[in-house]
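Student: Got a structure here, written out as structure tokens. Questions coming.
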Amino acid sequence: MLNSVYFITFGCKVNLTETEKMRLALLSKGFAISESEEKADIFVINSCTVTDTADKKLKKTISRLRKAYPEAKIAVMGCYTELKSLENVDIMVGTADRDTLPDKLSKLSPVKESNEDYKIYPDNTRAFLKIQDGCSCNCSYCIIPKARGGFCSKPLEVIGAEAKAFAEAGFREIVLTGINIGFYGVERGQTLFDAVLTVSENAPNARLRLGSLEPERMTDSEIEKLGGIKNLCPHFHLSLQSACDRTLKAMNRRYTISEYMTVASKLREKFSNTAITTDIIVGFPGETGEDFAESMEKIKKIGFSDIHIFPYSRREGTRADLMDNQIPENIKHERAKKLSEVVEDMKKDFAETMRGRSLKVLFENEKTPGVHVGFTENYLPFTVENNDLKSWRNQIKEVRYIP
């Protein structure tokens, strides 16, 4: 019987990427991957420390696992371990020394039999390729520069090799991720375009999707060059956080709402069927009712296809945590509710603009026999019923889009 590992991941797509890589690394060491925590011998938790809420969830999860499975081993990797220590865990590894985890687990809990013939097959149709780590922007609400350090970009030759491996494994979509991918290559005179081109050349039959982008890095030149990459999806998660200039300044963001709107407009001009999504923090310290109302109006004017909404969460060690004009929790949640209602209308409006258009869908699974589910290139969900008995999973088909 192999030692079985169960993964728990907190945080963003970057952490999902690292979790998948660790899964493969442990498989190659002879460990098995459990899909049920009840059958696991080892728990590997990929931590996130962006918010205080994430810290609390991590500690609560460790406490629960230790009580429920006292004989199991618990390993924690990721951001949290860069800043603080933890009790009741057997192994802690930071972001820089994640690669040591398989060997440490092997020493702590040797595998019970060989697994040399284990073959790895992709569980998903979409692969996540991390191209950079760290951030030096120092937004006033963010702990990442302390937890992850400054910008660190993966070499192009490594990116190319990983993209080629994903393509050969059968993935039809590759998502480029990182803490701040817009700053890819800044430390050595390269740009995001260089990374995207490298992936495109090594995985020409996979469509490419970008993770979260910073608007100040989307220059006219960069947008023009990205527009020449034919398998790049017209879906851009363009980070905003607030559509009020006063709040953006307090957040130490590096653009104005006017500059943001210009970038969004240029992306729409360059790419057909462009979808723009974003993140918004509501209830940031000092955000008045007037600031929030102004942000709401500008958000409506931009017209997103979707928005991730976050009530501001205080984070020890950040400048925003020391601000004396904190917003009460009930007001934060009221604003989040109001914005969520606006977002639902925007999602419907965007879907309607796509009605009748020819879009390409990567089908990911069957909801029920004959009912195929997937996403368009601009990340709209699509479901179609077909009597074809063969699975459409991992196939890209052109459809006439109907919301």
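Computed from the coordinates by the stated procedures, all read-outs in this text should not be read as laboratory data. Predicted model, so just to flag it, every value in this text is computed and none were measured. For neighbour counting, all protein chains shown are included, and Cβ atoms are generated from backbone atoms with ideal geometry for every residue, glycine included.
Student: What's the FRET efficiency of Lys225 with Ala169 using the Cβ-Cβ distance as r and R₀ = 25 Å, to the nearest 0.05?
Tutor: Values: r = 28 Å, r/R0 = 1.12.
The formula returns an efficiency of 0.35 here.
Student: Also, quick follow-up: Applying 1/(1 + (r/R0)^6) with R0 = 22 Å to the Cβ-Cβ distance of Arg188 and Ser265, what FRET efficiency is obtained, to the nearest 0.05?
Tutor: 0.10
Student: Here's another thing I want to ask about it. Which of the helices in the chain meet the span-like rule: DSSP H, Cα axial reach of 15 Å or more, Kyte-Doolittle mean at least -0.5?
Tutor: Working: long enough: 13-28 (23 Å, -0.12); 52-68 (24 Å, -1.29); 156-168 (18 Å, 0.59); 192-202 (16 Å, 0.78); 257-270 (20 Å, -0.48); 289-302 (20 Å, -0.81); 329-353 (36 Å, -1.27).
In the chain, the long hydrophobic H runs are 13-28, 156-168, 192-202, 257-270.
Student: How big is the chain in terms of Cα radius of gyration and Dmax, in angstroms?
Tutor: 22.0, 65
Student: Considering Cα pairs under 8 angstrom that are at least six residues apart, work out the relative contact order of the chain and quote it in whole percent.
Tutor: Value for the chain: 11 percent.
Student: Expressed as a whole number of Å, what is the distance separating the alpha-carbon centroids of region 61-103 and region 124-161?
Tutor: One Cα centre to the other: 22 Å.
Student: Could you give the longest part of the chain that holds none of the GluC sites (Glu not before Pro) found in DSSP loops with at most 16 neighbouring Cβ atoms within 10 Å?
Tutor: In the chain, the maximal stretch lacking such sites is 117-315.
Student: Counting only DSSP beta bridges with both residues in the chain, what percent are antiparallel, rounded to the nearest 5?
Tutor: Antiparallel bridges make up about 35 percent of those DSSP assigns within the chain.
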